[in-house]
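A short write-up of the structure that comes next.
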Amino acid sequence: MKLINLALGVCLATNYVHGYPTTHDKRNVILNGFKNLFNSSGDLTATSISEGIFQDFEDIGGIVQSLELMIESVVDTSEIHGISGAFNYLKGIFESQTWRTIYSGIIKSVVEEKGLETVLMAYSQRVNNLNNTNTRSPKRKVYPSANSEDAPYTLSEQELRSAIEIPPGYEYGKGDKKPVLFVPGTGSYGGNTFYTNYIKLLNQTDFADVAWLNVPHYLLEDSQSNAEYVAYGVNYLSGISEGKKVSVISWSQGGLITQWALKYWPSVRDNVGEFIPVAPDFHGTKMAPAVCPSFPKLSCPPSVLQQEYNSNFVHTLMENDGDSAYVPTTSLYSGFDLIVEPQSVNASAALKDARNVGVGNYEFQKLCPNMTAGKYYTHEGSLYNPVGYALAADALKHGGVGDPSRIDLEHLCTLPFPEELNHADILTTEVELLYCGLNLLFYKGKVKEEPKIRDYAR
């Protein structure tokens with residue numbers, strides 16, 4: 001049970017998040033509530049509602065609809081009007097016993113009646129595809145290498161290509177849109193992570209053409225292997241998109257492995273226009289030992305060990321100016337991220353600019369001091385911070401680094417999330433983090449030692 005609490009605490013981080021003060025003590029109250037997740041009070045309403053969620057996963061619309069129905073069955077939403085109304089509504093849910101009751105019902109239903117791994121698999125398959133058939137051949141060679149100086153791949157081209165999900169309607173470089181590749185974080189797939197935030201937002205624009213990575217095993221394997229998917233994904237997507245440069249948007253570990261790919265695959269630098277990491281842990285995180293304590297030594301997913309603040313992986317990446325950007329980079333993060341720490345002073349998300357390519361390290365609290373968009377966003381909350389998205393969109397539209405002077409900070413700082421999103425989108429993003437924690441817990445390839453650094457990086 002302690003491992004369950006730790007993993008949920010690390011991957012969920014869901015005591016409220018979106019703009020209201022949250023102390024460690026208050027968060028612990030919520031996390032202590034998770035101790036009873038597998039011992040639900042038996043609330044029939046919550047259980048029956050949660051059962052309905054897993055019967056309505058036909059598509060992402062089904063997920064949103066199910067979550068809305070679930071919440072509206074427990075909390076009166078008839079008085080919600082506009083963004084501010086949704087914001088206050090969310091605050092009430094996350095500060096109430098109701099939210100814990102809902103989670104208890106979900107877990108009780110999943111564990112006792114559906115079979116946890118079965119439900120996880122079904123959920124992921126609805127919003128992700130792990131066996132994509134991408135038959136288009138790139139216009140230039142990308143495998144076994146695109147550049148003689150590239151690191152060698154250990155994975156087959158079929159494995160690497162099948163992880164790239166290209167949705168219907170992708171223009172393959174024919175129009176004016178930029179190719180955008182989404183890279184998820186630890187315990188997640190690209191669809192789960194981004195569909196109800198950045199993907200939804202960018203699908204409404206005329207400047208972004210999106211695709212995403214669904215890396216097998218939820219990015220819990222060796223991060224060096226995870227980085228191969230990024231390197232290949234960038235080069236392949238550019239190669240089938242008229243040679244256009246690809247913009248990479250990542251979350252959490254996705255930023256770390258993208259930086260690794262940029263360092264050890266020089267060809268990737270040539271094919272990336274902008275790098276936009278959200279809540280990255282370039283320097284690792286001091287929270288990793290909470291999941292993988294050194295005493296007693298517990299088995300953990302390889303990539304979690306590699307994200308420890310003083311890991312060999314992080315140390316190797318930072319050497320020889322690996323702590324500086326290789327391409328124009330807009331790093332977006334919250335000073336109240338309780339998963340990636342530190343994220344304020346000496347932020348793990350911050351990169352230097354030794355190569356003079358252009359870097360913007362943007363902490364939401366510094367951009368919007370004492371305002372709604374600059375309050376207590378945590379790890380997953382960074383995915384829908386309105387200023388963060390505006391800076392990402394600015395970088396995509398103008399090329400290079402996002403510039404706060406080009407966005408309407410005065411207005412954006414008053415918002416809890418982008419106006420194009422609704423409360424169901426926000427809650428879907430939050431609920432997906434539950435699956436992140438469960439994926440970590442039930443991962444079967446746990447190890448006690450960090451994977452060795454490969455020869456090409458020594």
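Nothing in this text is a laboratory measurement; each read-out follows from the coordinates by a stated rule. Nothing here was measured: the structure is a model prediction, and the numbers come from that model. Every residue, glycine among them, receives a Cβ derived from its backbone with ideal geometry; neighbour counts consider all protein chains shown.
Miscellaneous remarks
- Computed lengthening from E319 to N147, 0.36 nm per intervening residue step minus Cα-Cα distance: 59.7 nm
- For S324, the residues whose amide H sits under 5 Å from its own are K352, ignoring neighbours fewer than 5 places away on the same chain, with H placed 1.01 Å from N.
- Relative exposure of C368, C413, C436, judged by other C-beta atoms within 10 Å (fewest first): C413, C368, C436
- Per-residue 3J(HN,Hα) values for the stretch 385-393, derived from phi via the Karplus relation 6.51 cos²θ - 1.76 cosθ + 1.60 with θ = phi - 60°, read 5, x, 6, x, 5, 4, 5, 4, 4 Hz in sequence order (x marks Gly and Pro).
- Cross-link check: pairs K178/K245; K286/K375; K139/K263 evaluated at a Cα-Cα cut-off of 19 Å; pairs beyond the cut-off: K286/K375; K139/K263.
- Residue-wise HN-Hα couplings along the stretch 278-285, as the Karplus relation 6.51 cos²θ - 1.76 cosθ + 1.60 with θ = phi - 60° gives them from phi, are 10, 6, x, 10, 4, 9, x, 9 Hz; Gly and Pro carry x.
- Taking other Cβ atoms within 10 Å as a rough exposure proxy, I257, I164 sort from fewest to most as I164, I257.
- One chain, two ends: T414 and N203. Fully extended at 0.36 nm per residue, the span grows by 73.6 nm beyond their Cα-Cα distance.
- Amide H within-cut-off set for Y443, under 5 Å, with H built and near neighbours excluded: none
- In this structure, the amide hydrogen of A208, modeled 1.01 Å from its nitrogen in the peptide plane, lies closer than 5 angstrom to those of K178, counting only residues at least 5 positions away or on a different chain.
- Using θ = phi - 60° and Karplus 6.51 cos²θ - 1.76 cosθ + 1.60, couplings along the stretch 394-410 (whole Hz; Gly, Pro as x): 4, 4, 5, 5, 9, x, x, 9, x, 10, x, 6, 9, 10, 8, 4, 4
- Fully extending the segment from K352 to S405 would add 17.0 nm, taking 0.36 nm per residue of separation and subtracting the current Cα-Cα distance.
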